[in-house]
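See structure below.
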Amino acid sequence: MAAPAYPAWVTRWVSGQWRNKKRPPALRPPRTLALADKVANRREQLAEATCITEMSVMMACWKLNDFNDAPCAQEIRMFYDCVAKAEKERKNQNGDTQSSRGNLPSSKVNKLLKRFPQMTRYV
Amino acid sequence: MAAPSTAGLGRRLRAWLPRIMPVRWSRYNPSYLEPEVKTESYQKPLEELTEEEREQMELKAVRPIKAAPPSLSSSVFSDPMVSKFTNMMMKSGNKVLARSLMSQTLEAIKRKQLEKYHKAPENEKETIECNPYVIFHQALKNCQPIIGLSNITRGGKTYQVPVPLTDNRKRFLAMKWLITECRENKHRRTMMPEKLSQELLLAFNNEGPVIKKKHVLHKMAEANRAYAHFRWW
């Protein structure tokens, strides 16, 4: 004899779940409970201006010498050196993805996550 | 069942070539090296080369080389700065005219300096510079600004922030100022070589309107030095 097909509420009532205070699930996840393949875009913390001291020293020298470049050659050279160093550091830093100053920027994180996405089905 | 159809598809795809080949954004493969045009580098005997030069030579034997652009010359008389200046003076592609103007300018500089040389007393003759190329380079160097201003918007207001400039930008600004000064602020009937040679000689001595423009820019940068912290690079 085949099992009689009762409606679902009958089976549930008969099993006495409701009397044991079974609740419907409190959490009904609107999305799948899995990590997404991207991070929210966070506003990146701006870096500080470089070479301010050298610039102010050079400008003080300019003020003294009426903006002639010849007497201020030493200060100007120091300013150029500082600028070149800051430029090189910026170029190196762009390759190292700025992990020294806290977290990675969100764009780079998204690129990495895209390369290694979440497994959605069993393979 | 699937295999014959994919093979046919592959054959049909390979036979299809686009009728239009994209050229605008095409570029050399990154493995292509720049051409070496100076003859002196090829005349050095093998022993005098340093380690890195030897490595460079071996790399060149293996890697492909880009085609040399027509503006690149191996002549001893070619100067990249002079070529750049000529190109900036050129209007609607008239390179012949721009080049002739440039050579006339250099000739005018030489003539003026020679006149000064022959008129000067004996002790001052060494101080007068007669090489027009030296005068050109020194004048351009004197005209280059050291610090520039850039517009940075903060809280709705735009500020002029002092900012360091790259070498290319400095050279460009110096040349641009010289050319605009000659084109706009001179008498209409003076010829360009005459105006340019006058401006170059003034700039060589750190005088003249272009140097003044550079000083004005420096003064503005100095006045706005409080906003220097708005920079983030």
Subject >> Inter-chain shielding of B:152-163 (mean C-beta neighbours from other protein chains, 10 Å cut-off) >> reply: 1
**OP:** Report, ordered by chain and residue number, the aspartates and glutamates lying within cross-link reach of B:K125, taken as a straight Cα distance under 18 Å and ignoring same-chain residues fewer than 8 apart.
**Re:** B:E115
**OP:** Provide the gained length on full extension for the span B:Y28 to B:S71, in nm with one decimal, where the gain is 0.36 nm per separating residue minus the Cα-Cα distance.
**Re:** 13.7 nm
**OP:** Return the single residue from B:S71, B:S83, B:S26 with maximal mean-square fluctuation; model: Gaussian network over chain B, springs between Cα atoms under 10 Å.
**Re:** B:S26
Original post:
Which semi-axes, in whole Å and largest first, does the equivalent ellipsoid of the stretch A:50-92 have when worked out from the alpha carbon gyration tensor as the square roots of 5 times its eigenvalues?
Top reply: 23, 9, 5
**OP:** Run down the lysines and flag those whose C-alpha is under 23 Å from the C-alpha of A:K85, throwing out any fewer than 8 positions away in its chain.
**Re:** B:K141, B:K170
Original post:
Taking the highest mean first, how do the peptides B:142-152, A:77-87 order by number of other beta carbon atoms within 10 angstrom per residue?
Top reply: B:142-152, A:77-87
Original post:
Given DSSP loops and a limit of at most 14 other Cβ atoms within 10 Å, what is the longest stretch of chain B that contains no such trypsin sites (Lys or Arg not before Pro)?
Top reply: B:92-187
Original post:
For the protein assembly as shown, with only Lys/Arg (+1) and Asp/Glu (-1) charged at the beta-carbon, what is the dipole magnitude about the Cα centre, in debye rounded to 20?
Top reply: 3440 debye
Subject >> Cross-link pairs beyond the 18 Å C-alpha cut-off, checked among A:K91/A:K111; B:K112/B:K214; A:K38/A:K108 >> reply: A:K91/A:K111; B:K112/B:K214
**OP:** Loop only per DSSP, at most 14 neighbouring Cβ atoms within 10 Å: give me the GluC sites (Glu not before Pro) in the stretch B:147-233, ordered by residue number.
**Re:** B:E207
**OP:** Show that you can apply the helix-only estimate: for chain B, add -39,500 (n - 2.57) for every DSSP H stretch of four or more residues, divide by all residues, and state [θ] at 222 nm to the nearest 500.
**Re:** -17000 deg cm²/dmol
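Every read-out reported here was derived from the displayed coordinates using simple, explicitly stated rules and does not represent laboratory data. Treat the numbers as computed from the prediction; the structure is a model and nothing was measured. Counting neighbours? That spans all protein chains shown, and the Cβs are built from the backbone with ideal geometry, glycine included.
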